1. Assuming 0.36 nm per residue, please report the length gained on full extension of the stretch residue 85 to residue 27 beyond their Cα-Cα distance.
2. How big is the charge dipole of the range 5-105 about its Cα centre, in debye rounded to the nearest 20, if each Lys and Arg gets +1 on its Cβ and each Asp and Glu gets -1 on its Cβ?
3. How long is the gain from residue 103 to residue 45 if the chain were fully straight, where each residue apart is worth 0.36 nm and the alpha carbon distance is subtracted?
4. Find the all-direction average of the projected area of the Cα convex hull for the range 1-49, expressing the result in square nanometres with one decimal place.
5. What translational D, rounded to a whole number of µm²/s, comes out for the range 5-105 from Stokes-Einstein when the hydrodynamic radius is the Kirkwood one over Cα pairs, at 37 °C and 0.692 mPa s?
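What follows draws every value from the coordinates through simple rules; no lab data is involved. Note that the structure is predicted; figures quoted are calculated from it, not measured. All Cβ positions, glycine included, derive from the backbone under ideal geometry; neighbour counts span all protein chains shown.
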Amino acid sequence: MKVTGSALRVTIIINESDTWHHKPLFNEIVQRARTAGLAGAAVFRGIEGFGSSSLIHTTRLLSLSEDLPVAVVIIDAEERIREFLPRLDELRLGGVVALDPVEVTRHVPDAERPQEER
């Protein structure tokens with residue numbers, strides 16, 4: 001699917017230790033986005049953060065954490081994102097789900113990209 005122009009970005013911030021049926025929760029979210037046919041998803045591991053507990057999780061050498069923040073970012077047309085959101089409800093996400101309007105200036109699916117750019 002090719003997306004250009006106005007779109008919606010959903011950012012889901014969870015802990016990397018969160019699981020769904022013994023798999024990382026971020027993996028389940030990405031798989032659901034792929035199954036829904038969304039344009040794409042990416043997972044970013046944070047280097048430091050805190051949530052509702054106010055406990056800081058960090059990668060700093062003296063206080064290594066195995067529970068760093070993870071952000072799953074998905075961008076697609078607004079109606080497709082809004083149709084997808086109910087698929088996240090059963091996951092009972094304990095983090096933050098934020099929606100932002102974005103402008104997509106370039107999105108070229110792999111099949112349309114020249115071989116030297118892949």
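1. 19.3 nm
2. On the way: 10 positive and 14 negative charges, 34 e Å.
Here the range 5-105 has a charge dipole of around 160 debye.
3. On the way: separation 58, 0.36 × 58 = 20.88 nm, distance 2.40 nm.
Additional length available on full extension: 18.5 nm.
4. 4.3 nm²
5. 230 µm²/s
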